[in-house]
Ligand SMILES: [Zn+2]
């Protein structure tokens with residue numbers, strides 16, 4: 001089983017984490033091979049086998065897995081002992097302090113973000129696409145960790161997994177205007193009459209606002225579109241594609 005690990009999180013034995021890849025799964029084209037999303041019209045039997053395989057590989061209880069019905073919104077769910085784990089929350093971020101409950105974010109170009117507070121022992125995962133980044137879903141999640149669990153942002157480890165990077169993320173004029181409206185004009189780079197959006201540059205500024213130091217931030221070098229053999233990419237796969245995941249669990 002192929003997965004991508006974070007050098008920043010690797011030393012912490014009290015958590016399990018990984019980003020899955022496309023490789024070594026049961027799904028057939030155009031979802032081959034390791035698609036983890038049920039909502040993309042893949043054969044659900046194959047998706048379930050992929051989930052079983054990943055759970056066995058990372059040694060978590062699949063029955064306790066929490067993933068999201070991601071809607072490019074601002075809603076954040078806190079998972080606690082009273083949460084019905086069979087209900088999939090409609091949100092774009094999950095937070096928990098419970099042990100052995102794996103949190104999963106699924107993506108194919110959007111940024112999968114893993115957050116770990118090693119002092120208070122709190123974890124979160126965030127789905128950050130263009131809308132989420134513009135609407136500060138990451139800042140809101142961190143603020144919620146602070147208000148509900150007393151996380152001090154300066155303790156937080158922030159890992160941005162593989163996502164589409166500026167090299168491949170050309171956008172139209174309307175999105176340029178929207179970026180400027182949100183004061184993120186600096187994230188638009190104009191090359192040969194096209195506009196390229198650098199979402200990571202916005203995340204970096206947002207983390208700076210929260211005084212999170214660079215040593216606590218890790219940004220994957222992988223562009224999902226450039227590395228489409230290893231990761232699902234909505235753009236590179238022309239809209240019909242699977243999803244890979246970022247997973248985080250407290251042990
Ligand atoms: Zn690229």
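Every number here is computed from the coordinates shown, using simple stated rules; none is lab data. Just so we're clear, the structure is a prediction, and the values are computed from it rather than from any experiment. For neighbour counting, all protein chains shown are included, and Cβ atoms are generated from backbone atoms with ideal geometry for every residue, glycine included.
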Of all residues making up region 187-205, the number that are within 16 Å of the ligand (Cβ to nearest atom), in a helix (DSSP H, G or I) and touching a helix residue (DSSP H, G or I) at 6+ places or on another chain (Cβ under 6 Å): 3
Selected residue (criterion: nearest to residue 166 (Cα to Cα)) from residues of region 206-225 that are crowded, with 17+ Cβ neighbours inside 10 Å and within 13 Å of the ligand (Cβ to nearest atom): 223
Considering residues of region 171-186 that are in a loop (DSSP other than H, G, I, E, B) and surrounded by fewer than 17 Cβ atoms within 10 Å (Cβ to Cβ) only, the residue nearest to the chain's Cα centre (by Cα): 182
Scan of region 128-140 for residues that are part of a helix (DSSP H, G or I) and either surrounded by fewer than 17 Cβ atoms within 10 Å (Cβ to Cβ) or more than 16 Å from the ligand (Cβ to nearest atom) (or both), ordered by number: 131, 132, 133, 134, 137, 138, 139, 140
Residue ID - surrounded by the most Cβ atoms within 10 Å (Cβ to Cβ), chosen from residues in region 4-27 that are touching a helix residue (DSSP H, G or I) at 6+ places or on another chain (Cβ under 7 Å) and under 20 Å from residue 230 (Cα atoms): 20
Matching residues in region 141-170 - criterion: being in a loop (DSSP other than H, G, I, E, B), surrounded by fewer than 20 Cβ atoms within 10 Å (Cβ to Cβ) and more than 16 Å from the ligand (Cβ to nearest atom): 150, 152
Residue list for region 50-74, filter: in a loop (DSSP other than H, G, I, E, B) and surrounded by 14 or more Cβ atoms within 10 Å (Cβ to Cβ): 60, 65, 67, 68, 70, 72, 73, 74
